[in-house]
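J.: My questions all concern the structure below.
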Amino acid sequence: MNKVLTNYSIYPYEAEKKEIPVAPLHKGETTKQLVSSHDEDAFFFRTMEEAGIHLNASQVDAVRHVNGPCLTLAGAGTGKTTVLVCRAGYLMNVKDIQPRNILLVTFTKKAAEEMKQRIARLPGAEHGGQVHASTFHALFLYLLRSRHYTQEVIGNERYKQIILKQIQREMNIYDPYDAETLLAKLSHYKLNQKDIRELPEKSKSEKEVKSILLKYEEWKRMNHKMDFDDILTEAFQLLLGNPNLLTSLQHRFQYVMVDEFQDTNLVQYELIKLIAAHRNLFVVGDDDQTIYTFNGARNEFILDFDEEFPDAKIVTLKENYRSDAYIIGLGNEVIGRNEHRRKKELIATKAEGQKPLYSRPATADEEAVWITEEIHRLAGEGYGYGDMTILHRTMSSGRAVFEQLLLKEIPFTPYNQKDSLFYDNWTVKPVVDYLRLSIVPRNFAAIESLLPTLFIRRDRGMAHILEEEQKERKKYPLIHLTTLPGLKPFQVKNMKERMKFLKAIGDQSPESAIKRIRKEFYHQYIDAQESHVVTEQKELIKEMLDELEGSAKRFDTISGFITFIDEMKAKYEEIYSNQRGNKDTNSVSLMTIHRSKGLEFPVVFLIGAIEGNLPHSSALNANKLEDKVYMDPNQKEKATGAVEEERRLAYVAITRAKEKLFISSPAYYQGEQRKCSRFLSDLFNHTPQVEPKRPKKARSGKVSKILAWVCTSPECIAWQRPETHEDTESKVCPLCSSPMKLGEKEITE
């Protein structure tokens, strides 16, 4: 097990600077020292201390704020919930505010319930349960119900997706648009107070998307239903059109508090401003954790708060109670590179522990092996599986570690793994099914899956094949499609060519076969359809298929690759069929960085910290993507705002760790050599990387040799260029601490 540790270093690979970021330590003063017994509100803080609540200076400042607008900047792990709860208690106990006059809104039912319970448990807050603590949607649904809005709320996402698929069938769209993407586009328009009738209609796909969404809205009206976005937009229109109702709300809720303010969308913000016309608005959030712009979150609401409210008080919570000084120091350095933010630096309350460790594995699959071995080692040290999380940027970047966790039989809970396995993703599955058909031509499930790539509706195509099979059984049932009524001559020709193609790839390696599938027809099919290019799907499609190639590269035969995929699926279903619904399972969490926000773990593995993944390629190419949305109007270029959001993602990932943080940057990813993420390399290099202004020049493919220091360990890939030609002194590998020798290194230009 010691071997695994040598694969980590306290510096990223090729670091020039040897300075470890470390956060300053909090001096430790609390209300005991800060609040004098002569202060008129001393009794409240003494009572809090007896209950075990000791606030720091910034928290006291926020809690004591009563009238007028206030923005409380709450960095990661700084005790924002404690501030909200104690301020509610302060208003009731010190300022004699009736609990029913206090409104506290947040984003999840769990958070709202927790705060309501904590307020009710405060000393002297016997009626604290009367504070109206709820989610935005619960608050405004209650408002609508009070005005006889009786529509049924659609809370099931899958149900909405089924309706959208049904609408597309009625429109004779044989290869349906991704329902989740359609719903995201609809939500974006609604939450930014845009009329979907203003959707563009420049291309065939744009016209179809607009028509689908309009029909979906009509379906909801006809069936007396509404979704969560409708709750907000209908409530907004209700209040604008009913001044008496608005006045009664303003009179009822004289003190308004908003949690997770950085996640607020435009409609939510406008609703809150309507209710808080008395201007006793207290918002808590962190602009450095705005990572949901694709869901309508608006960073500028925090950045411009004191422009909207010139007399606003600004309080900054800096003391972090979650992580040690090394983790906080790294987080400070990473997020400090963003320009569009409120300047602040977190202070640690825990002394230095284990320095963050960096690895530079050769590939994502090697990265996954090292991580699972490290998990076993940590489990031997007393950490539970539930103490650990693995964070990845996208679904494709979690593929390798997902498989290794299954293979090593480490219990884990995957979040956001749609269709359970990478290979079942709607982008990847048709390609896998072509591989299946190349070795088992009578796989009818695979035939049905790939029919849309032949521009044939699944139901019509399969009905014809099964009907013809009853008349004459064929070794290659796909041949029946050549007699499908209504086909044009070129379609029959394409069908026959596809049959020849399937026979030709059977003996090839799976990687070669996938490359041919992509080159000869799959990319043309995607481009011709335009069906999935609704947001930034083209980038994601390419990424998923690149990852499929990378996975296939490990196998010599298609049958071997397919067998592996089926084993993974069976193993996953076997291990986790009994786990569903069991929330007490002691398991490693595998999730996207987005999903991890608000959570914390003793041990965090951040994988795929490389250029093109974190920051993601869609952010680096944002200026070229017409459908890439970045909400901050202060940003002159979409790419600038998009990269800054990616840096916030890195910051969120880092600050989830309480005790141990491992960051991994594979040298090769999806078939390409990748640099370490700029979010890390910039901290340890004298010359920061410059944001790219134009596309990278394609490599010529020419291989040449250069003089280099090469690690002598056979298990390590590290090498360095000599600083000068006279640089002949002995060196120690920065990655594994083995000796390095002066030799030659082949590079591709």
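The values are calculated or read from the model by the stated rules, or taken from the named source; none is laboratory data. Everything numeric here is computed off the predicted structure, so don't read it as measured data. Here the Cβ positions follow ideal geometry from the backbone for every residue, glycine too, while neighbour counts run over all protein chains shown. For accessibility, only protein heavy atoms count, side chains too; no ligands or nucleic acids. Shrake-Rupley method; radii C 1.70, N 1.55, O 1.52, S 1.80 Å.
J.: From the list Ile410, Ile456, which residue is in contact (Cβ under 8 Å) with a residue 40 or more places away in the chain, of a type outside the set (Gly, Ala, Ser), in contact with a strand residue (DSSP E or B) (Cβ under 7 Å, 6 or more places away or on another chain) and in a loop (DSSP other than H, G, I, E, B)? Break it down into steps so the answer makes sense when it comes.
T.: Numbers: Ile456 fails: in contact with a strand residue (DSSP E or B) (Cβ under 7 Å, 6 or more places away or on another chain).
Exactly one residue qualifies, and that residue is Ile410.
J.: Can you find a residue that is more than 28 Å from Thr264 (Cα to Cα) and either open to solvent by less than 80 Å² (accessible area, probe 1.4 Å) or under 25 Å from the mean Cα position of the chain (by Cα) (or both) anywhere in the stretch 149-156? Explain how you work it out, then say what you get.
T.: Applying the first criterion (more than 28 Å from Thr264 (Cα to Cα)) to the stretch 149-156 yields none.
Scanning the stretch 149-156, I find no residue that is more than 28 Å from Thr264 (Cα to Cα) and either open to solvent by less than 80 Å² (accessible area, probe 1.4 Å) or under 25 Å from the mean Cα position of the chain (by Cα) (or both), so the answer is no.
J.: Looking at the stretch 389-407, can you tell me whether even one residue there is outside any helix (DSSP H, G or I), in contact with a Gly (Cβ under 6 Å, 6 or more places away or on another chain), open to solvent by less than 60 Å² (accessible area, probe 1.4 Å) and under 30 Å from Met591 (Cβ atoms)? It would help to see each step written out before you state the result.
T.: Looking only at the stretch 389-407, we keep the residues that are outside any helix (DSSP H, G or I), and these are 389-395.
Narrowing the set further to residues that are in contact with a Gly (Cβ under 6 Å, 6 or more places away or on another chain) leaves 392-393.
Those still in the list that are open to solvent by less than 60 Å² (accessible area, probe 1.4 Å) too: 392-393.
Next, from what is left, pick out any that are under 30 Å from Met591 (Cβ atoms): 392-393.
The answer is yes, given that some residue of the stretch 389-407 is outside any helix (DSSP H, G or I), in contact with a Gly (Cβ under 6 Å, 6 or more places away or on another chain), open to solvent by less than 60 Å² (accessible area, probe 1.4 Å) and under 30 Å from Met591 (Cβ atoms).
J.: Consider Leu466 carefully, then state whether it is over 37 Å from the mean Cα position of the chain (by Cα) and open to solvent by less than 50 Å² (accessible area, probe 1.4 Å). Walk me through it before giving the result.
T.: Working: over 37 Å from the mean Cα position of the chain (by Cα): yes; open to solvent by less than 50 Å² (accessible area, probe 1.4 Å): no.
Against the criterion (over 37 Å from the mean Cα position of the chain (by Cα) and open to solvent by less than 50 Å² (accessible area, probe 1.4 Å)), Leu466 does not qualify.
J.: Within the stretch 463-480, how many residues are in a helix (DSSP H, G or I) and more than 24 Å from Glu520 (Cα to Cα)?
T.: If we filter the stretch 463-480 for residues that are in a helix (DSSP H, G or I), which is where we start, we get 463-471, 477-480.
After this cut, where a residue has to be more than 24 Å from Glu520 (Cα to Cα) as well, the list is 463-471.
Count: 9.
J.: Yes or no: the stretch 239-250 includes at least one residue that is part of a loop (DSSP other than H, G, I, E, B), over 26 Å from the mean Cα position of the chain (by Cα) and at negative phi.
T.: Quick first cut of the stretch 239-250, residues part of a loop (DSSP other than H, G, I, E, B) only: 242.
The next check asks that each one be over 26 Å from the mean Cα position of the chain (by Cα); those that pass are 242.
Applying the additional criterion that residues be at negative phi yields 242.
For the stretch 239-250, residues part of a loop (DSSP other than H, G, I, E, B), over 26 Å from the mean Cα position of the chain (by Cα) and at negative phi: present.
J.: I'd like the full set of residues that are under 17 Å from Thr349 (Cβ atoms) and in contact (Cβ under 8 Å) with a residue 24 or more places away in the chain, limited to the stretch 29-61.
T.: Within the stretch 29-61, Glu29, Thr30, Thr31, Leu34, Ile53, His54, Leu55, Asn56, Ala57, Ser58, Gln59, Val60 qualify.
J.: Related question: Do you know which residues across the stretch 251-285 are assigned to a loop (DSSP other than H, G, I, E, B), open to solvent by 10 Å² or more (accessible area, probe 1.4 Å) and among the hydroxyl-bearing types (Ser, Thr, Tyr)?
T.: none
J.: Just a yes or no: is a residue in the stretch 346-366 under 22 Å from the mean Cα position of the chain (by Cα), in a helix (DSSP H, G or I) and closer than 30 Å to Tyr668 by Cα?
T.: yes
J.: Quick check, is Thr316 surrounded by fewer than 22 Cβ atoms within 10 Å (Cβ to Cβ), on the phi < 0 side of the Ramachandran plot and over 23 Å from the mean Cα position of the chain (by Cα)? Full working, then the answer.
T.: Working: surrounded by fewer than 22 Cβ atoms within 10 Å (Cβ to Cβ): yes; on the phi < 0 side of the Ramachandran plot: yes; over 23 Å from the mean Cα position of the chain (by Cα): yes.
So Thr316 fits the description; yes.
J.: Let me ask something additional. Since Lys225 meets every condition but one in (1) surrounded by 17 or more Cβ atoms within 10 Å (Cβ to Cβ); (2) in contact with a strand residue (DSSP E or B) (Cβ under 6 Å, 6 or more places away or on another chain), which condition does it not meet?
T.: Condition (1) is where Lys225 drops out.
J.: Is there a residue in the stretch 129-143 that is open to solvent by less than 10 Å² (accessible area, probe 1.4 Å), out of contact with any Lys or Arg (no Cβ under 6 Å at 6 or more places or on another chain), among the β-branched types (Val, Ile, Thr) and outside any helix (DSSP H, G or I)?
T.: yes
J.: Within the stretch 296-345, track down each residue that is in contact with a helix residue (DSSP H, G or I) (Cβ under 8 Å, 6 or more places away or on another chain), among the hydrophobic types (A, V, I, L, M, F, W, C) and part of a loop (DSSP other than H, G, I, E, B).
T.: Ala297, Ala312
J.: Quick one: what pairs do we get from the stretch 321-337, first residue farther than 15 Å from Glu352 by Cα, second open to solvent by 40 Å² or more (accessible area, probe 1.4 Å), C-beta under 9 Å, 6+ apart or different chains?
T.: Every condition considered, the pairs that remain are Gly336/Lys343; Gly336/Glu345; Arg337/Pro688.
J.: Quick one: in the stretch 436-463, of everything that is among the hydrophobic types (A, V, I, L, M, F, W, C) and open to solvent by 10 Å² or more (accessible area, probe 1.4 Å), which residue is modelled with the lowest pLDDT?
T.: Taking the stretch 436-463 first, the residues among the hydrophobic types (A, V, I, L, M, F, W, C) are 437, 439-440, 444-447, 450-451, 454-456, 462-463.
Keeping just the survivors that are open to solvent by 10 Å² or more (accessible area, probe 1.4 Å) gives 439-440, 444-445, 454-455, 462-463.
Numbers: Ile439: 93, Val440: 93, Phe444: 94, Ala445: 92, Leu454: 85, Phe455: 80, Met462: 93, Ala463: 93.
Among those that are among the hydrophobic types (A, V, I, L, M, F, W, C) and open to solvent by 10 Å² or more (accessible area, probe 1.4 Å), it is Phe455.
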